[in-house]
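One structure below.
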Amino acid sequence: MYLTNKSRWRRSEIRRNRPDTPRLHWQHLRSEGIVTSLGIAAVFCISTIVILMLKQEVVPYRPDQWIPHDIVSRVGFPFSDQELLAQKRREAREIEPRVYRSSGDVWANLSRELLALPDRVADNTVEQLPADLKDIFDPGAVTALRQFISGKGREDYSRHVEAFIDALRNHRISGPQQNWPIVILPQEQRQEDLKADRNVIVAGAGTLPTRVTFALKDERLRGTVNTFAQRIFMFTLQPKIAEFTLATLQPTHELDPMATAEAQNQAARDIAASAGNIWYPPNSILVPKANRVFTQRDWQLLREENRHYLNSIKGWAIKTRAGLAGIVLLMTVVLCGYVARYQPRVVTNHARAAAIVALLVSMLLLAQIAGIGSGPLYLFGLAPTLLVAMILTIAYDQRFAIGVASMHGILVTLALGQGMPFFVILWVGVLSACFLLDDIRTRSKLIEVGGAASLAMIAATISASVLTLDPVMFVVKNCLYAGAAGLAVGFVVLGILPFVEKAFRITTSMTLLELADASQPLLRRLGMEAPGTYNHSLQVATLAESAAESVGANSLLCRVGSYYHDVGKINKADYFIENQSGGENRHLNLSPSVSLLIIIGHVKDGVELAREYNLPTNLVTFIQQHHGTTLVEYFYHQACTQKDQRQPDEPAISETQYRYPGPKPRTREVAIVMLADAVESACRAMSEPTASRVEALVHDLSMKRLMDGQFDECDLTMRELENIERSMMKTLLGIYHGRIAYPSSAAANAAPAMPPIAAVKSA
């Protein structure tokens, strides 16, 4: 024993010290596909590190979030308050004087109206005066005006009007440093300027306080007009001229909107951007808890504080990146180990590995981008991981999806700077979605799963919020966001389901149900060109579906695979016995070797037709493997018989020449269809399929394929094989059950009208 161990130790040392040992190890790893898989894992690790580096820009609080404590500044920093800057610019616009342009020579218009008064009242009584004069002038004023119709009176009246207009035009209002003319503004616009307590810019008068301007109904203007009227006109006309003047006079200036807007814009531009800067000293309260609700401004303030805090730490970038790299590397190792343990085929199937990495990285990036912004985390932070969980459940299984999605949830929680309550809510949603998403046979299934995940996350959100004593309104808002995330993911997965099937090369039950429709082009062609084969496929589907249910296999896949397993017979349908209804057997004039090529050729033809009609890959395997490497017994025995008769001295014909090329069934579903195909064909050929004969036939065929090694590459156990036999025997007896021999018409007529009671009971 000692020598044996020593010899083994020597041989291992020799192999270890060979100069080409590293090269051999490398070649072995490459041949197993491990090197490429490690490269894909490295891409995932690097991409995740790059994405998580953006977490430094993530503020852990969201606008409208409830804040239970004061948020204090860690460093002193300046903050450019855009709201303050906008407020100052608004104030600058509001206090900027509005610009008024001249309305025309209103004094000249007033002069013309006054000079025309004698003529307008010359031939009219008071009752016949125009409406604008009837309410102003009385009979005495009308009589006085008629004195100035012509002659010297007219000249005196004209001089009085000219003097009155000149007095109004040249009147000045005294101010602290200068005097201003009479400026009459529109009533509403002047009132706005007075309320805002701002000056006005008047064409021809410059900038002046609004209070020294007039409105048409201003008592100060009335007093000024009355004063000049009393000085110039005769006593009878003084109040009437003043009242007519106020009624006729128009504003001297009107608002210029374009000039005003330009002046206000310029005033806003004159406010420098630094006017909004605020200095926050260290340890100052940035967001007081008295406010309770976190605002958009608070979010911007914390983001700026975080940037200055990081810049104040020497070498913060190297430290954080090293920490992130370590965490991500550890997570990558765990994830790789989990994949290798529970989905080892992904290690060699690099397309699937790349698809998983692309899914995880893209969803992590989506969550990280949502975290950088100010959107609700309970919507954009939860949805990406839920999407990962549902897609992986569809593509693989529940256990694998839960594990990978949970690790993805940890990365998302880290990227968003959230705590344990957020991860618990996310994890509850992942578990709910994965456990409920088992088989997709209807379009509403995904929506139902999304709704159930929404309810689970809402319950988790309520529990976490009660634990942290959050207010009711905040809890309700987070519950709405969490519910919306679950429902949105359900609708998204429903929309992208065809792309998920193509990316992971899978076929869902919903797609299988669509392919099981008899109106599918390939099935319709099979029914028309090879009706016997079509009927045979339907019987095989019935056998295979019930047998698959008995052992917990995918019964729907077995049924649909049975529909398409013999589509290759379309090309030469007449050469197969089920399609030779009363016709001549085409193989009578062919040699066994030629007949063999035709028979086994239907497998290759079926694969070509499946690819032509874009059938899923898992249905193509039924066409390739449903015969495995079984022996074409009829033509093999025929060849042996002909050889014994014609060439008895030649070597025996090898069975290998008369076997299907394979491969053997690699799944339980294909093995079930193989056995159902053989059993249905053999049972159809039986003359009297009694229960004992059917049972013996099924058992013999199953044992024959078992001993032939056809089930060596699939995980079919002996107990499952026994259950399959029982199921097929039961189904076959239901199909080929015995019937009562009905009497002929003549016998029925000769029979008594009322059969004896004993005969009825025995029947």
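The values are calculated or read from the model by the stated rules, or taken from the named source; none is laboratory data. This one's a predicted model, so the numbers in the text were calculated from it and none came from an experiment. With ideal geometry, Cβ positions are generated from the backbone for all residues, glycine too; neighbour counts draw on all protein chains shown. Each accessible area value is taken on the protein alone, full model and side chains, heavy atoms only, with ligands, DNA and RNA left out. Shrake-Rupley method; radii C 1.70, N 1.55, O 1.52, S 1.80 Å.
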- prompt: What number of residues in the range 592-610 are open to solvent by less than 100 Å² (accessible area, probe 1.4 Å), more than 48 Å from the chain's Cα centre (by Cα) and free of Cβ contacts under 8 Å to residues at least 40 places away in the same chain?
  reply: 3
- line: Residue count, the range 335-357, condition open to solvent by 40 Å² or more (accessible area, probe 1.4 Å), closer than 21 Å to residue 387 by Cβ and modelled with pLDDT of 90 or more, comes to 3
message: Between a residue in the range 651-671 that is part of a helix (DSSP H, G or I) and any residue that is modelled with pLDDT of 90 or more and open to solvent by 50 Å² or more (accessible area, probe 1.4 Å), which pairs come within a Cβ distance under 6 Å, given they are 6 or more apart or on different chains?
response: 669/554
- request: Name, by its number, the condition in (1) touching a residue at least 12 places away in the same chain (Cβ under 8 Å); (2) part of a helix (DSSP H, G or I); (3) open to solvent by 60 Å² or more (accessible area, probe 1.4 Å); (4) within 24 Å of residue 104 (Cα to Cα) that does not hold for residue 189.
  value: (3)
- request: Would you check if there is a residue in the range 164-181 being polar (S, T, N, Q), modelled with pLDDT under 85 and more than 23 Å from residue 221 (Cα to Cα)?
  value: no
- prompt: What pairs can you find where one residue is in the range 140-166 and touching a residue at least 24 places away in the same chain (Cβ under 8 Å), the other is among the aromatic types (Phe, Trp, Tyr) and assigned to a helix (DSSP H, G or I), and their Cβ atoms are less than 7 Å apart, with a gap of 6+ or different chains?
  reply: 148/157; 164/228; 165/107
message: without any contact (Cβ under 8 Å) to a residue 40 or more places away in the chain, more than 16 Å from the chain's Cα centre (by Cα), open to solvent by less than 10 Å² (accessible area, probe 1.4 Å) and within 30 Å of residue 617 (Cα to Cα): is that true of residue 405 in this structure?
response: yes
field: Hits in the range 60-74 - residues which are of a type outside the set (Gly, Ala, Ser) and assigned to a loop (DSSP other than H, G, I, E, B)
entry: 60, 61, 62, 63, 64, 65, 67, 68, 69, 70, 74
message: closer than 20 Å to residue 723 by Cβ, modelled with pLDDT under 95, more than 48 Å from the chain's Cα centre (by Cα) and open to solvent by 50 Å² or more (accessible area, probe 1.4 Å): is that true of residue 712 in this structure?
response: no
field: Of all residues making up the range 676-706, the number that are of a type in the set (S, T, N, Q) and either over 26 Å from residue 580 (Cα atoms) or touching a His at 6+ places or on another chain (Cβ under 6 Å) (or both)
entry: 2
field: Counted residues, the range 126-158 - those being aliphatic (A, V, I, L, M) and open to solvent by 40 Å² or more (accessible area, probe 1.4 Å)
entry: 2
statement: All conditions in (1) within 33 Å of the chain's Cα centre (by Cα); (2) in contact (Cβ under 8 Å) with a residue 12 or more places away in the chain; (3) open to solvent by 50 Å² or more (accessible area, probe 1.4 Å) are true of residue 50 except (2)
- request: Keeping to the range 425-469, report how many residues are acidic (Asp, Glu) and either over 17 Å from the mean Cα position of the chain (by Cα) or at pLDDT 95 or above (or both).
  value: 2
query: Somewhere in the range 611-624, is a residue in contact (Cβ under 8 Å) with a residue 40 or more places away in the chain, within 27 Å of residue 544 (Cα to Cα), open to solvent by 60 Å² or more (accessible area, probe 1.4 Å) and in a helix (DSSP H, G or I)?
result: yes
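Would you mention how many residues in the range 683-700 are in contact with an Asp or Glu (Cβ under 9 Å, 6 or more places away or on another chain) and open to solvent by less than 30 Å² (accessible area, probe 1.4 Å)?
Number of matching residues: 1.
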field: Subset of the range 161-186 that is over 60 Å from the mean Cα position of the chain (by Cα) and crowded, with 19+ Cβ neighbours inside 10 Å - its residue that is farthest from residue 205 (Cα to Cα)
entry: 161
- prompt: Just checking, which of 547, 530, 518, 553 is touching a Gly at 6+ places or on another chain (Cβ under 8 Å) and among the hydrophobic types (A, V, I, L, M, F, W, C)?
  reply: 518
query: If we scan the range 84-92, do we find a residue that is over 43 Å from the mean Cα position of the chain (by Cα) and touching a residue at least 40 places away in the same chain (Cβ under 8 Å)?
result: yes
task: Looking only at the range 86-96, decide whether some residue is modelled with pLDDT of 85 or more, among the aliphatic types (A, V, I, L, M), loosely packed, with under 12 Cβ neighbours inside 10 Å and farther than 24 Å from residue 347 by Cα.
output: no
- prompt: If we keep just the residues of the range 99-140 that are part of a loop (DSSP other than H, G, I, E, B) and at pLDDT 85 or above, which is nearest to the chain's Cα centre (by Cα)?
  reply: 103
Checking residue 200 against (1) under 20 Å from residue 109 (Cα atoms); (2) open to solvent by less than 50 Å² (accessible area, probe 1.4 Å), the condition it does not meet: (1)
